[in-house]
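This report concerns only the one structure given below.
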Amino acid sequence: MKEQELGALLDALEAELRRLDCWEASPPPADALASPLPFAHDCLTFTQWLQWLFLPRLRTLLASGVRLPARSGIAPMAEVSLADSGLDAAALVALLRRIDGLLEGDATGQ
């Protein structure tokens, strides 16, 4: 089932953020989370955006049973955002690519 697979991928994404030591215990200020810019790039790092906005929003959609987005496109943004981060982000990008593929109807994430 697509929803179960997405839930597992979101859990794996959280685990990978933790493994990379990018998981934060305290949220950023509320105004940073309310940024109107894409990926809140004016206030948050990409990994903060994943933790504080992307993961909660997708988990809320899963829990509510509403229709999931048909497009994601997060993996290309991750590649650009994390290119100079010094992180070994290959596994993180691969997970995001799988999430993109699942949402777009290609369960392989290719």
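The values are calculated or read from the model by the stated rules, or taken from the named source; none is laboratory data. Computed from a predicted model, the values in this text were never measured in an experiment. Cβ placement follows ideal geometry from the backbone for every residue including glycine, while neighbour counts extend to all protein chains displayed. All accessible areas refer to the heavy atoms of the entire protein, side chains included, with ligands and DNA or RNA removed. Shrake-Rupley method; radii C 1.70, N 1.55, O 1.52, S 1.80 Å.
Send over a whole-number figure in Å² for the accessible area per residue of the chain, probe 1.4 Å.
So the chain comes to 57 Å² accessible per residue, rounded to a whole number.
What trypsin sites (Lys or Arg not before Pro) does the stretch 14-110 have in DSSP loop regions with at most 16 other beta carbons within 10 Å?
Sparse-neighbourhood loop trypsin sites (Lys or Arg not before Pro): 67, 71.
Just 21, 100, 11 to compare: in a GNM of the chain, with alpha carbon springs under 10 Å, which one fluctuates most?
21
On full extension of the chain, what length is gained from residue 24 through residue 64, given 0.36 nm per residue of separation minus the C-alpha to C-alpha distance?
So the extension gain works out to 11.8 nm.
Please compute the modelled spin-label separation between residue 31 and residue 84, points set 7 Å along Cα→Cβ, answer in nm with one decimal.
Between residue 84 and residue 31, the simple spin-label model gives 2.7 nm.
When the helix-only estimate is applied to the chain (DSSP H runs of n ≥ 4, each -39,500 (n - 2.57), divided by the residue count), what is the mean residue ellipticity at 222 nm, nearest 500 deg cm²/dmol?
It lands at -15500 deg cm²/dmol.
Roughly how far apart, in whole Å, are the Cα centres of the stretch 71-94 and the stretch 1-53?
Cα centroid to Cα centroid, the span is 12 Å.
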